[in-house]
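To start, the structure itself, in structure tokens.
What follows draws every value from the coordinates through simple rules; no lab data is involved. Just so you know, these numbers come straight off a predicted model, no measurement behind them. A quick note on method: Cβ atoms are made from the backbone with ideal geometry, for glycine too, and the neighbour counts reach across all protein chains shown.
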Amino acid sequence: MKQNIVVTGGLGFIGSNLIKILIQQGYYIINIDKFSYSSNYFNLNDIDKKKYKFFKIDINNQLKIQKIFNTYKPIGIFNLAAETHVDKSIDNPKEFFKSNILGVYNLLEATRNYLKKNKTQFKFIHISTDEVYGDILKNKFSIETDAYNPSSPYSATKGSSDLIVKAYVRTYKIPAIITNCCNNYGQNQYPEKLIPRIILNIKNNKNLPIYGTGKNEREWIHVLDHCLALITIFKKGKIGENYNIGSGKILKNIDIAKQILSISKKFIKTKSKIIFVKDRPGHDKRYALNSNKIKKKLNWKPKYNFINGIENTIRWYLNNKEWLKKLKNKNYTNRIGMKN
């Protein structure tokens, strides 16, 4: 029997990597993506198209989403459709409210209507972020029961959508689970984000701009580790629960830049150097997750070593010129996030 799964935002970074693994595991994937600036058809150019269907649809179009649910009768949905770049949320928060809050509402309503008519096993996996917890003090780690304390329009909209999902679980018995993951790295990431931007700046002999003093700390996980965690939660996670997904690898932004610059010099010659630029408004100092729950209760743990993962990521960006050519928006080096 065919097992259909909906993935929203599947032409993006995490979504495309997740789809590849799900197809490998035998699922039939319905990918819903509005094809925004960070989407890339090339991300899925090598998949088995017999196990895949794509719909260019905004998740705010509830009627079309509903039709897809009723037609394909999925056993679950991974919601990765979201505006995710903090700097962009500072410049234009409206789009974040529309996608990250209203879009989630529409998906929940489509799910609710679908389950009224189809009494079937189903899980709604809502992918969120560690940023909802806000700044974390040194030697402290966010646990799933911590209060949310978002600092940017991006994290505020993600936190809002998490709470809406929780309300739908309690009020309407929607079989949903929320995941909160740390920063991802790996192939297919649109280069507005820190790691691919650093790599491509090195490749193009541009300087590496680091906000403030570079001491802001982030936890980093390879995208494939994140995707395997999501699938584990889909298969074994408990309805109504939150699961933090982290690697335990916490680094200062300046140290990330130094490591990437050092490793890149093994492959290419570059004149790039680190420079410090004005910090963005409301910039959190540190994120750090306690991921004991998923490790102990679902028997998941990350597999990728950070140094090996970063080296493989650098190689991928240096070698995949065709992927770069397929980017819908190539203005990823422009400074944003300064309006306030």
Under a straight-distance cross-link criterion of Cα-Cα below 18 Å, which aspartates and glutamates are reachable from LYS266, leaving out those fewer than 8 residues away in the same chain? ASP255, GLU311
Largest first and in whole Å, what are the equivalent-ellipsoid semi-axes of segment 99-246 based on the Cα gyration tensor, each being the root of 5 times an eigenvalue? 32, 17, 15
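Could you work out Rg/(2.2 N^0.38 Å) for segment 124-196, with Rg from alpha carbons only?
Relative to the rule-of-thumb radius for its length, segment 124-196 sits at 1.24.
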Quick check on the exposure proxy: order LEU194, LEU289, LEU137, LEU327 from fewest to most C-beta atoms within 10 angstrom. LEU137, LEU327, LEU194, LEU289
May I ask you to evaluate 6.51 cos²θ - 1.76 cosθ + 1.60, the Karplus curve with θ = phi - 60°, for each residue of segment 162-169 and list the ³J(HN,Hα) values in order in whole Hz, giving x for glycine and proline? 4, 5, 5, 4, 4, 5, 5, 5
Distance from the Cα centre of segment 213-231 to that of segment 79-137, in angstrom? 19 Å
Say a paramagnetic label sat at a point 7 Å from the Cα of ILE307, along Cα to Cβ; which residues of segment 259-294 have their backbone N under 19 Å from it? 259-268
Gyration tensor (alpha-carbon) shape descriptor, segment 186-267, a/c threshold 1.5: prolate
Go ahead and estimate [θ] at 222 nm for the chain from helices alone: -39,500 (n - 2.57) per DSSP H run with n ≥ 4, summed, over the residue count, rounded to 500. -11500 deg cm²/dmol
For each of ILE143, ILE136, count neighbouring Cβ atoms within 10 Å of the residue's Cβ, then give the residues from fewest to most. ILE143, ILE136
What residues have an amide H closer than 5 Å to that of VAL7, excluding those fewer than 5 places away on the same chain, when H is modeled at 1.01 Å from N in the peptide plane? ILE30, ASN31, ILE32, PHE78
Stretch gain in nm, segment ASN70-LYS116, where the contour uses 0.36 nm per residue and the Cα spacing is subtracted: 15.5 nm
Convert 10 °C to kelvin, take the viscosity as 1.306 mPa s, use the Kirkwood radius over C-alpha pairs of segment 240-296 as Rh, and evaluate the Stokes-Einstein diffusion coefficient in µm²/s, rounded to a whole number. 107 µm²/s
Once amide H atoms are built 1.01 Å from N in the peptide plane, which residues 5 or more positions from ASN183, or in another chain, come under 5 Å H to H? GLU219, ILE221
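Is the C-alpha gyration tensor of segment 20-97 telling us rounded, prolate or oblate? Criteria: a/c under 1.5 is rounded; beyond that, a/b larger than b/c is prolate, otherwise oblate.
It comes out oblate by the Cα gyration axes.
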Alpha-carbon Debye profile of the chain, log10 I(q)/I(0) at 0.07, 0.10 Å⁻¹: -0.27, -0.57
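Would you mind checking LYS34/LYS258; LYS53/LYS326; LYS64/LYS123; LYS94/LYS295; LYS235/LYS301; LYS158/LYS297 for any pair whose Cα atoms are more than 27 angstrom apart?
Among LYS34/LYS258; LYS53/LYS326; LYS64/LYS123; LYS94/LYS295; LYS235/LYS301; LYS158/LYS297, the Cα-Cα distance tops 27 Å for LYS34/LYS258; LYS94/LYS295.
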Find how much the distance from LYS49 to ILE21 grows on full extension, using 0.36 nm per residue of separation minus their present alpha carbon separation; answer in nm with one decimal. 8.7 nm
From the alpha carbon gyration tensor of segment 43-174, can you work out the equivalent ellipsoid semi-axes (sqrt of 5 times each eigenvalue) and give them in Å, largest to smallest? 28, 19, 15
From the C-alpha gyration tensor of segment 1-49, pull out the three semi-axes of the equivalent ellipsoid (sqrt of 5λ each), sorted largest to smallest, in whole Å. 19, 11, 8
